[in-house]
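> Handing you a structure now.
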């Protein structure tokens, strides 16, 4: 499929540091390491006690209020973001991807200033403190549902906070570029996101087939992990592993894209279009706003 190749060719250096569903992780001082377990299966139990009950009427997701419309006061570009999108931005803060000294492509690609990097580092520390407070039960969050979901609710709440704060640190163009890189870098895993499924209007049958493709991808990754041996501890072995993994991810993505209708395919292309310099110009403040 031609449009699949075009999408891969347009992927920026930043987007390539993240692979499908977190199968590959960056470890400071080490590089890439393989993780063949889906992230959803790795969330720990809540450490704090006495924080909410199964019959709680309010959820942590209601705090803070969702921002239906986000605007930069100094810019013209207006973007509507959902709670999920703020959580994903906050997740970048949590993984310290934006300030990792071993990922210079991030700073170069987003053109982060020294002041922005300093602000993001401060935000990273604040997020860790808020997460600690949440798990200790001192954030006064009202959690709902089974206790096994409490930690996920706390993490989502803290990530939303961090995502909202990150939007205020970055320029509108930087935000759009970061979100583009996150979407394209996640690859086939992005089709599990509720907002992506909604925007593409995936049918139940399509979603079922996508789940099967993703499960088969993980089986392939586990087999590759077994054959490759211990996780790579240097750039050379990490690069060798990446070369073996790329065809698996690309093949899975091609299979998913083949399931889409023409309208869905056009929508996916629009969603994964890399922000242009025209977008950057539009996001800059006008003389009147300066």
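> Hey, which of the helices (runs of 4 or more DSSP H) in segment 91-171, taking only ones fully inside, have at least 1 residues that are at pLDDT 90 or above and under 20 Å from residue 183 (Cα atoms)? Please lay out each step first, then the result.
Working: elements: 104-110, 114-136, 150-169.
Output list reads 150-169.
> Follow-up question, since we're still on this one. What number of residues in segment 193-220 are under 20 Å from the mean Cα position of the chain (by Cα) and touching a residue at least 60 places away in the same chain (Cβ under 8 Å)?
9
> Condition first: surrounded by fewer than 18 Cβ atoms within 10 Å (Cβ to Cβ) and either within 22 Å of the chain's Cα centre (by Cα) or outside any helix (DSSP H, G or I) (or both). Now tell me which residues in segment 223-233 satisfy that.
If the condition is that a residue be surrounded by fewer than 18 Cβ atoms within 10 Å (Cβ to Cβ) and either within 22 Å of the chain's Cα centre (by Cα) or outside any helix (DSSP H, G or I) (or both), then 229, 230, 233 are the ones that fit.
> Then there is this: When you scan segment 228-239, how many residues do you find that are free of Cβ contacts under 8 Å to residues at least 60 places away in the same chain and farther than 18 Å from residue 102 by Cα?
2
> Among the residues of segment 234-290, which ones are at pLDDT below 85, in a helix (DSSP H, G or I) and within 21 Å of the chain's Cα centre (by Cα)?
Selection gives 242 alone.
The values are calculated or read from the model by the stated rules, or taken from the named source; none is laboratory data. Predicted model, so just to flag it, every value in this text is computed and none were measured. Note: ideal-geometry Cβ built from the backbone for every residue, glycine included; neighbour counts use all protein chains shown.
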